[in-house]
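Some notes on the structure that comes next.
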Amino acid sequence: MMPNQTLDQLCANTIRTLSMDGVQKANSGHPGMPMGMADVAYVLWTKYLKHNPKNPNWVDRDRFILSAGHGSMLIYSLLHLTGYDVSMDDLKNFRQIKSKTPGHPEYGMTPGVETTTGPLGQGFATGVGMAMAESHLAGTFNKEGHEIVDHYTYAIVSDGDLMEGVSHEAASMAGHMKLGKLIYLYDSNMISIEGSTELAFTENVNKRFEAYGWHVIEIDGHNHSQIATAIEEAQSIKDKPSLVVCKTKIGFGSPNKEGKESSHGSPLGDDEIKRTKEVYGMDPEKSFYIADEALEVFRNEVKKGALEELEWNNNFEEYSNAFSEESKSFTKWISRDISTEELEAALPEFEITENGPATRASSGKVINAIKGAVPSLFGGSADLAPSTKTDIDGEGEYSAITPAGRTIHYGVREFGMAAAVNGMALHGGVVPFGATFFVFTDYLRPALRLAALMKIPSIFVMTHDSIGLGEDGPTHQPVEHLASIRAIPNVSVLRPGDANEVAYAWKTAIENTSSPTVLVLTRQGMPTYKRSEKNAASLVSKGAYIFSDSEKETPDTILIGTGSELHLAVNAKVELKEKGVDARVVSMPSWDLFEKQSAEYKESVLPKSVTNRVSIEAGSTFGWERYIGTEGKAIGLDTFGESGPAEELYEHFGITTTHMVDAAS
């Protein structure tokens, strides 16, 4: 057996060579970062990371995020070496269609990949959400001597991650929340695509993070002893997240590209790879080679991980014997076992009234009505709770002191909030949500897009959804936002038309486990309507339904309304009747849900034979042609709004019953 130091170096160099070879075979990728961070990754994964390669979804595993997702061959090499279901052929198919090794790590595609990364900064921020979920679950379920939730969230982050604005939001949030189980390993190689970071990034990162309330350690990122000591020190700090600043050389070992931007985003080339392998003391003619003694070290993680999980299972059995009800609840939370019957029974039924609540207000009542049926509901607002109505009353505020609290104060950090919601959804065990004004989807859109790509059930409550917010003016009045959010694949957008639609919109969101949901809610009050079996609010789940039908078998016109404009369509039907025009009113809270219905159902709601159709929505008309056809008319606004009272703005922009009647006549 080689001396340990030599064997350790062989193992780190094996990560490097696999990464180089994968990038070279694909003729595409980023070899420099995996080469630079191989020592750090090796020490973490084989000496400290708690994981079970044969059960990547073990509940109490440590979470590892490669926030610097461009260096994806690093994690793919680690996954293969430590025994996950990532084969050598997968490494050789790097960046190929349908392979398990896409250009950037993708959640759900590769066993062991905890989140999709690549857009820099988001892995950093998502990890904060994972650590929040861990601390909330620990605060809720752990008992003295029975710590069934006890794991770390680790990430490798890059200079680029720390430049992105979302890392500032997330770091500030993590420091404030004192997330001691959060440990980030910063690849401080001072190289970006354009060259030295001296070109654009000269702040004192260490002092910045200390100011955020982080514990900061600086080490030689190629010194295994220093790496180990730093991780242990970070683990010992319970009341602060830790940033381990690893001074590394990008392209480590490459005779001509070490420390240069040329190793960042391009293959090294066959000749340079051979020279580099010679530097490592490895056979330059062998590609995708793993020495037996190195593989033995890595594959020890399989045995070690199985034992760690077995130990946890034994501890959980003891916990279950001592705390039976808590054990049952924990199992339900983790499996997202939410009773449909209990959830529906908890939904409030709002009284019929012409002057009903704003849908943001009815949403707040729904949240507090269902908090018992969904005890894992966990969320809050980006400093707007008095407006978004998202406090979970009587359940405490989430903090380092009261981690079991259910109301989160994210601060004015919309992007950081959304990424953290994603992290909580990925971690599991909670039903997370975040809230802000709808116009600020502009600030969080990248996280919403990643949630859609990952197919995770993040919930976003977006209020003040139109010109109806009034005097704040066009800066706060979302116009194009419905169209733009609807355009993101796999995002479920619901704009409920009255209080009872809000209740079932929340039920739909909680039961949706395959995509993020955006609940789009009003500032202004609106009527709450009488319901029957034919127009039950539960039909929200179909995306669109006949709210009020015509007396004729085939209506003269179809009026389609969403959200706060549904009542305008209802009123227009009455006025059209006086003119001898028989109208059908369709409530369409969700385009995407309607598109999932059968052709027969869609035809029953919007029959092709009726071409006289009018839609009304206080936003961009873009996209409505899908439902009104070439002969229909869309009432909305394709300009920015104005500052003024809401009712006057509706008149000013022609979003009225009168305009709908004229369009349908």
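The values are calculated or read from the model by the stated rules, or taken from the named source; none is laboratory data. Quick caveat: nothing in here was measured; it's all calculated off a predicted structure. Neighbour counts run over all protein chains shown; Cβ positions are idealised from the backbone, glycine included. In case anyone asks, the SASA skips ligands and DNA or RNA and just uses the protein heavy atoms, side chains included. Shrake-Rupley method; radii C 1.70, N 1.55, O 1.52, S 1.80 Å.
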- Note on the structure: Filtering the range 73-103 down to residues that are under 13 Å from PRO34 (Cβ atoms) and open to solvent by 40 Å² or more (accessible area, probe 1.4 Å) yields none
- Criterion violated by GLY641 - all others in (1) open to solvent by less than 20 Å² (accessible area, probe 1.4 Å); (2) closer than 17 Å to GLY561 by Cβ; (3) assigned to a loop (DSSP other than H, G, I, E, B) satisfied: (2)
- Taking the condition open to solvent by less than 60 Å² (accessible area, probe 1.4 Å), over 28 Å from the mean Cα position of the chain (by Cα) and at pLDDT 95 or above, does GLU308 pass? yes
- Item | Selected residue (only one of LEU377, LEU343 is surrounded by fewer than 19 Cβ atoms within 10 Å (Cβ to Cβ) and among the aliphatic types (A, V, I, L, M)) | LEU343
- Could you figure out which of (1) touching a Ser or Thr at 6+ places or on another chain (Cβ under 7 Å); (2) crowded, with 24+ Cβ neighbours inside 10 Å isn't true of ILE467? (1)
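Every residue, every condition in (1) modelled with pLDDT under 95; (2) touching a Lys or Arg at 6+ places or on another chain (Cβ under 6 Å); (3) not in a loop (DSSP other than H, G, I, E, B), yes or no:
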| residue | (1), (2), (3) |
| --- | --- |
| LEU450 | no, no, yes |
| ILE456 | no, no, no |
| VAL461 | no, no, yes |
| PRO474 | no, no, no |
| PRO489 | no, no, no |
| VAL493 | no, yes, yes |
- Consider only pairs whose beta carbons are under 9 Å apart and that are at least six residues apart or on different chains; among these, list those whose first residue lies in the range 1-14 and is closer than 21 Å to GLY32 by Cβ and whose second residue is at pLDDT below 90 and not hydrophobic (A, V, I, L, M, F, W, C). none
- Query: Can you name the residue in the range 548-575 that is closer than 17 Å to ALA634 by Cα and of a type in the set (A, V, I, L, M, F, W, C) and, of all such residues, is surrounded by the most Cβ atoms within 10 Å (Cβ to Cβ)?
  - Reply: LEU559
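Quick check on the range 13-21. Is at least one of its residues under 21 Å from ILE183 (Cβ atoms) and surrounded by fewer than 21 Cβ atoms within 10 Å (Cβ to Cβ)?
Among the residues of the range 13-21, not one is under 21 Å from ILE183 (Cβ atoms) and surrounded by fewer than 21 Cβ atoms within 10 Å (Cβ to Cβ), which makes the answer no.
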- Looking only at residues in the range 588-600 that are open to solvent by 20 Å² or more (accessible area, probe 1.4 Å) and not hydrophobic (A, V, I, L, M, F, W, C), which one is nearest to ASP465 (Cα to Cα)? ASP592
- Any chance the range 138-157 includes a residue that's open to solvent by 10 Å² or more (accessible area, probe 1.4 Å), at positive phi, touching a Lys or Arg at 6+ places or on another chain (Cβ under 8 Å) and of a type in the set (Gly, Ala, Ser)? no
- Within the range 384-430, count every residue that is farther than 21 Å from ILE334 by Cβ, outside any helix (DSSP H, G or I) and acidic (Asp, Glu). 3
- Query: Hey, among the residues in the range 132-155 that are outside any loop (DSSP other than H, G, I, E, B) and charged (D, E, K, R), which one's farthest from LEU426 (Cα to Cα)?
  - Reply: LYS143
- Log entry, pairs with first residue in the range 156-177 being assigned to a helix (DSSP H, G or I), second being β-branched (Val, Ile, Thr), beta carbons closer than 7 Å, six or more apart or on different chains, reads ASP159/THR197; LEU162/VAL205; ALA170/VAL128; MET173/VAL128; ALA174/VAL128
- Residue in the range 74-120 that is farthest from LYS303 (Cα to Cα), counting only those that are of a type in the set (D, E, K, R) and either in contact with a Gly (Cβ under 7 Å, 6 or more places away or on another chain) or modelled with pLDDT of 95 or more (or both): ARG95
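Based on what the data block shows, is GLY641 touching a helix residue (DSSP H, G or I) at 6+ places or on another chain (Cβ under 7 Å), within 23 Å of PRO489 (Cβ to Cβ) and either hydrophobic (A, V, I, L, M, F, W, C) or at pLDDT 95 or above (or both)?
no
Could you list, in sequence order, the residues of the range 493-521 that are of a type in the set (Gly, Ala, Ser), closer than 14 Å to VAL421 by Cβ and in contact with a helix residue (DSSP H, G or I) (Cβ under 9 Å, 6 or more places away or on another chain)?
Answer for the range 493-521, where residues must be of a type in the set (Gly, Ala, Ser), closer than 14 Å to VAL421 by Cβ and in contact with a helix residue (DSSP H, G or I) (Cβ under 9 Å, 6 or more places away or on another chain): just SER515.
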- Query: Any residue at all in the range 328-344 that is over 24 Å from the mean Cα position of the chain (by Cα) and under 30 Å from ILE65 (Cβ atoms)?
  - Reply: yes
- Task: Working only within the range 431-445, note down all residues that are open to solvent by less than 10 Å² (accessible area, probe 1.4 Å) and either under 11 Å from MET417 (Cα atoms) or within 15 Å of the chain's Cα centre (by Cα) (or both).
- Result: VAL431, PRO432, PHE433, GLY434, ALA435, THR436, THR441, LEU444
- Message: On the basis of being aliphatic (A, V, I, L, M), within 14 Å of MET588 (Cβ to Cβ) and touching a residue at least 60 places away in the same chain (Cβ under 8 Å), does ILE655 make the cut?
- Response: no
- Message: Of everything in the range 512-540, what is open to solvent by 40 Å² or more (accessible area, probe 1.4 Å) and within 30 Å of GLY108 (Cα to Cα)? Give them in sequence order.
- Response: THR513, SER514
- Query: Just to be sure, is VAL585 in contact with a Lys or Arg (Cβ under 7 Å, 6 or more places away or on another chain) and open to solvent by less than 10 Å² (accessible area, probe 1.4 Å)?
  - Reply: yes
- Query: Going through the range 227-246 one residue at a time, which ones are surrounded by fewer than 20 Cβ atoms within 10 Å (Cβ to Cβ) and out of contact with any helix residue (DSSP H, G or I) (no Cβ under 7 Å at 6 or more places or on another chain)?
  - Reply: THR229, GLU232, GLU233, GLN235, SER236, ILE237, LYS238, ASP239
- Task: Scan the range 202-222 for residues that are assigned to a loop (DSSP other than H, G, I, E, B) and surrounded by fewer than 16 Cβ atoms within 10 Å (Cβ to Cβ) and jot them down.
- Result: THR202, GLU203, ASN204
- Query: So which pairs qualify, if the first residue must be in the range 393-415 and at pLDDT below 95, the second must be assigned to a loop (DSSP other than H, G, I, E, B) and not hydrophobic (A, V, I, L, M, F, W, C), the Cβ gap must be under 9 Å, and the two must be at least 6 apart or on different chains?
  - Reply: none
- Message: Looking at GLY411, GLY416, GLY429, GLY372 in this structure, which one is out of contact with any strand residue (DSSP E or B) (no Cβ under 7 Å at 6 or more places or on another chain) and farther than 20 Å from MET173 by Cβ?
- Response: GLY372
- Query: List the pairs whose first member sits in the range 353-369 and is in contact (Cβ under 8 Å) with a residue 24 or more places away in the chain, whose second member is part of a strand (DSSP E or B) and of a type in the set (Asp, Glu), and whose Cβ atoms are under 9 Å apart, counting only residues at least 6 apart or on separate chains?
  - Reply: none
- Message: Looking only at the range 601-617, count every residue that is buried (at least 18 other Cβ atoms within 10 Å of the Cβ) and out of contact with any strand residue (DSSP E or B) (no Cβ under 9 Å at 6 or more places or on another chain) and tell me the total.
- Response: 1
